[in-house]
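Reading through the structure tokens given below for one structure.
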Amino acid sequence: MIRALGQVRDDELIRGAVIQIDSPGGSALASEVIWQAIRETAQTKPVYIAVGSLAASGGYYIASACDQIYVQPQSIVGSIGVVGGKIILGNLYTKIGVNVTQRTRGPMAGIFNSVEPFTIDQRQAVRTAMQHIYDQFIDRVRIGRGTRLSDIDAVAEGRLFTGRRAVDLGMADKLGTLAEATEDLAAALDLAEGEYEFDQTAG
């Protein structure tokens with residue numbers, strides 16, 4: 001994504017970009033890096049998003065960075081939130097005869113070990129980190145959507161919406177497909193049919 005957006009910025013023949021998203025989310029760090037790259041690109045060239053069946057959590061995080069969000073009526077959109085934790089396998093290891101020896105340095109070094117649950121301090125550290133990520137997510141959506149999303153609290157805290165409802169709430173701009181988003185982008189650039197080529201790159 002970063003390389004592709006860099007090419008969009010650097011190539012004078014590219015007038016704009018349409019990104020198709022079909023994602024339930026993932027890494028908060030990856031979402032932030034892509035969000036920054038889209039915003040940087042959008043400073044010089046328009047960037048539209050076309051949502052397929054799903055743009056949730058990190059998928060919506062990324063979508064919020066662009067100029068226009070197109071969704072389909074049945075698309076699932078939102079999940080502005082963050083989830084964290086770990087799976088404890090200590091009892092399983094004991095049952096199957098596996099001995100785990102931990103070698104760590106510092107009070108938080110083994111925070112995500114799979115043998116023991118969080119200590120009180122570790123749990124608080126995880127909660128603090130999750131709150132920071134959530135606050136940043138809210139901030140990124142607020143920056144990207146601006147006044148189009150008047151009440152971010154009403155759509156945050158992990159809520160999911162259909163594409164049609166997302167448009168009504170200001171989370172997305174228009175019902176439309178990838179082809180329609182591309183046609184609208186061309187029109188916004190004053191490019192008539194036949195005056196542009198669409199180069200689709202799969203990432």
30 Å Cα-Cα reach of residue 45 towards lysines, excluding residues that sit fewer than 8 places from it in its own chain:
174
Give me a comma-separated list of calculated 3J(HN,Hα) values for the stretch 49-54, in order, Karplus coefficients 6.51, -1.76, 1.60 applied at θ = phi - 60°, integers in Hz, x for any Gly or Pro.
10, 10, 8, x, 7, 7
Looking at (1) 119; (2) 193; (3) 157, which value of volume of the Cα convex hull per residue in Å³ comes from a calculation on the structure shown?
(3)
Return the long-range amide H neighbours of residue 159 (sequence gap of 5 or more, or a different chain), with a cut-off of under 5 Å between placed amide H atoms.
79, 80
Computed, not fitted: 222 nm per-residue ellipticity of the chain from DSSP H runs ≥ 4 (each -39500 (n - 2.57)), nearest 500, equal to -12000 deg cm²/dmol
I need the calculated FRET efficiency for the pair residue 196 and residue 40, taking r as the beta carbon distance and R₀ as 30 Å, to the nearest 0.05.
0.85
Between residue 180 and residue 89, what's the calculated FRET efficiency when r is the beta-carbon distance and R0 is 45 Å? Round to 0.05.
0.40
Apply 1/(1 + (r/R0)^6) to the Cβ-Cβ distance of residue 112 and residue 164, taking R0 = 41 Å, and write down the FRET efficiency to the nearest 0.05.
0.55
Mean Kyte-Doolittle of at least -1.0 and a Cα length of 27 Å or more along the axis: which whole DSSP H helices of the chain meet both?
120-145
Under the Karplus curve 6.51 cos²θ - 1.76 cosθ + 1.60, θ = phi - 60°, whole-Hz ³J(HN,Hα) for the stretch 60-66, x wherever Gly or Pro sits
6, 3, 5, 4, 5, 7, 8
Checking the a/c ratio against 1.5 first, then a/b against b/c, what shape does the Cα gyration tensor give for the stretch 1-121?
prolate
Under a no-solvent Debye model with one identical scatterer per Cα of the stretch 18-79, what's log10 I(q)/I(0) at q = 0.12, 0.14, 0.20, 0.30 Å⁻¹?
-0.24, -0.33, -0.66, -1.26
Using alpha carbon centers only, the stretch 40-105 is separated from the stretch 128-203 by a whole-angstrom value of 16 Å
In nm², what is the average projected area of the convex hull enclosing the Cα atoms of the stretch 102-203?
11.4 nm²
Write down the percent of antiparallel bridges among all DSSP beta bridges whose residues are both part of the chain, to the nearest 5.
15 percent
How do the peptides 113-123, 163-173, 13-23, 69-79 rank, highest first, by the average count of neighbouring beta carbon atoms within 10 Å per residue?
69-79, 163-173, 13-23, 113-123
Rounded to a whole %, the carbon-and-sulfur portion of the accessible area of the chain at a 1.4 Å probe is 51 percent
Sort the stretch 75-119 into rounded, prolate or oblate with this rule: let a ≥ b ≥ c be the square roots of the eigenvalues of the Cα gyration tensor; rounded if a/c is under 1.5, and if a/c is not under 1.5, prolate when a/b is larger than b/c, oblate otherwise.
oblate
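The values are calculated or read from the model by the stated rules, or taken from the named source; none is laboratory data. In this text the structure is predicted, and so the values were computed from the model without any measurement. We place every Cβ from the backbone using ideal geometry, glycine too, and count neighbours over all the protein chains shown. Each accessible area value is taken on the protein alone, full model and side chains, heavy atoms only, with ligands, DNA and RNA left out. Shrake-Rupley method; radii C 1.70, N 1.55, O 1.52, S 1.80 Å.
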